Amino acid sequence: MNCNISLFLDTRRSKDNSSYPLKLRVYNKFNKKVKLYSLNIDLTEKEYQTVWLNTSNKNLRGKNKELRLKLQAIETRANKEAEQMTVFDFAKFETKLFRKSSDKNSVKYHFQKAITQYLKESKVGTAESYKYTLKSLGEFSLNEKKCALDKLTFDTITVDWLNEYERFMLNKNKSITTISIYTRTLRVVFNNAIRESDISKDIYPFGTRKEGKYQISKTKKVKKALNSKQLKTLFDAEVMSEQEQLAKDFWFFSYACNGINFKDIALLKYSDIKNNSFTYFRAKTFGKSVEKTPITVYLNDFSKSVIEKYGSTNKNGYVFTIIQLKEDSTEQYKKVKNFTRLVNDYIKRIAKRYDLPNDISTYWARHSFASNSIRKGATMEFISEALNHSNLSVTKNYFAGFEDEAKKEFAKNILDF
């Protein structure tokens, strides 16, 4: 084991009754550091000698015997937690030592731990997704299994449990995509608990049907995009309010700027703009192990006009006033979400009047950029770089998700030399 653990009477300062605080002393052999943890137990030197140091004393009775058993349990648990760590880490040790013993097998505890970590990393969207998953699992557990979320443990979640949960969600008219997202999130939490040695991998319920495990359904995302004619119709559409004008302007700003995500639009700073282009890193890649690749977007007359029209007068911060520098990540997340919802609401109103697809959204701008770039002869390599895909195969899979109409049009025009 990479550390030494003992119970230590801290005699540096006595209390009014001549007692001293008993502490857990942990010595890390690797970095030679020592930490003392309060146990909220006070003993006199005589009590410490009698109850703890004099191990040969087999005649303890009453409170003294109960105290020795309590101290032995503390030391045993501390050693057990330390032994399970390949590399000793004080922070992880503290978390495991001072939690409730039942937390090891608690689904809610491990979800909340993950949520807290994501919030620390400013991954508010991911944290929200985990909250939705936990709420859904809790609803099923309580309503169908009569088990409160606080009592839900990992060993309860079997293959049968997951199959019942899937049927429960389908009966609530939830999509296969939603079920897949929630069960994948649960799988991550399972893996985290196994990696931290809190649960045994023997109870892991995920895998393939052939293995007798629960297999998460794979869903193929259909990339929906406007064709050239529809894009022209939307671009030329007359608006009936300032909100519709704003929605149309920002939708086409995303389209004109290589399908830039709306969160990245909000995070765009004036310092990112040089001459007739701007360079940024996708917020989606923050915190991931993948290499961060800068994306350069060249501005055309339209995108310049949007910046001129909606840009902040303060040139030291964000280009647009969707969010503010002084706001924390949670507040920024809410504002980006609300702004995206506003654009979606009003772009749908325009689409409805002009017989365009009524499920159009901000995502369609990115997909339309990719689809129409290919139609106009752009190479897969260009699209891959513009969309910041990790490799060319991702781009090919991305194009494979477009609707059949786009594929047919691409095939029809392939010989138009």
Considering only residues that are surrounded by 17 or more Cβ atoms within 10 Å (Cβ to Cβ) and not hydroxyl-bearing (Ser, Thr, Tyr), which ones fall in segment 296-310? 297, 299, 306, 307
The condition from (1) surrounded by 15 or more Cβ atoms within 10 Å (Cβ to Cβ); (2) more than 20 Å from residue 99 (Cβ to Cβ) that residue 31 misses is numbered (1)
Counting just the residues of segment 271-291 that are among the β-branched types (Val, Ile, Thr) and at pLDDT below 90, which one comes out nearest to the chain's Cα centre (by Cα)? 285
Which numbered condition trips up residue 313, out of (1) surrounded by 14 or more Cβ atoms within 10 Å (Cβ to Cβ); (2) outside any helix (DSSP H, G or I)? (1)
Picking from 234, 226, 186, which residue would you name as being more than 21 Å from residue 128 (Cβ to Cβ) and either touching a Lys or Arg at 6+ places or on another chain (Cβ under 8 Å) or not in a loop (DSSP other than H, G, I, E, B) (or both)? 234
Hey, can you tell me all the residues within segment 167-183 that are among the polar types (S, T, N, Q) and either in a loop (DSSP other than H, G, I, E, B) or assigned by TED's automatic domain parsing to the domain that holds residue 82 (or both)? 173, 175
For residue 330, all conditions in the list (1) modelled with pLDDT of 95 or more; (2) surrounded by fewer than 16 Cβ atoms within 10 Å (Cβ to Cβ); (3) more than 14 Å from residue 247 (Cα to Cα) hold save one; what is the number of the exception? (1)
Selected residue (criterion: nearest to residue 177 (Cα to Cα)) from residues of segment 197-221 that are free of Cβ contacts under 8 Å to residues at least 24 places away in the same chain and among the acidic types (Asp, Glu): 211
Between 30, 93, which is closer than 24 Å to residue 2 by Cβ, under 35 Å from the mean Cα position of the chain (by Cα), aromatic (Phe, Trp, Tyr) and assigned to a loop (DSSP other than H, G, I, E, B)? 30
Six or more apart or on different chains, Cβ under 8 Å: which pairs go from a residue in segment 339-363 that's farther than 25 Å from residue 322 by Cα to one that's of a type in the set (Ser, Thr, Tyr) and surrounded by fewer than 18 Cβ atoms within 10 Å (Cβ to Cβ)? Could you list them? 354/233; 356/233
Step by step: first the residues of segment 233-275, then only those that are of a type in the set (S, T, N, Q) and touching a helix residue (DSSP H, G or I) at 6+ places or on another chain (Cβ under 8 Å), then the one that is surrounded by the fewest Cβ atoms within 10 Å (Cβ to Cβ). Which residue is that? 241
Quick count over segment 199-219, residues being in a loop (DSSP other than H, G, I, E, B) and either β-branched (Val, Ile, Thr) or under 21 Å from the mean Cα position of the chain (by Cα) (or both), is 6
Identify, by number, the condition in (1) closer than 20 Å to residue 181 by Cβ; (2) in the same structural domain as residue 38 (by TED's automatic domain parsing); (3) small (Gly, Ala, Ser) that residue 114 doesn't meet. (2)
Residue count, segment 192-224, condition loosely packed, with under 14 Cβ neighbours inside 10 Å and within 27 Å of residue 91 (Cβ to Cβ), comes to 3
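The values are calculated or read from the model by the stated rules, or taken from the named source; none is laboratory data. Only a predicted model underlies this, so the values are computations on that prediction, with no experimental measurement involved. With ideal geometry, Cβ positions are generated from the backbone for all residues, glycine too; neighbour counts draw on all protein chains shown.
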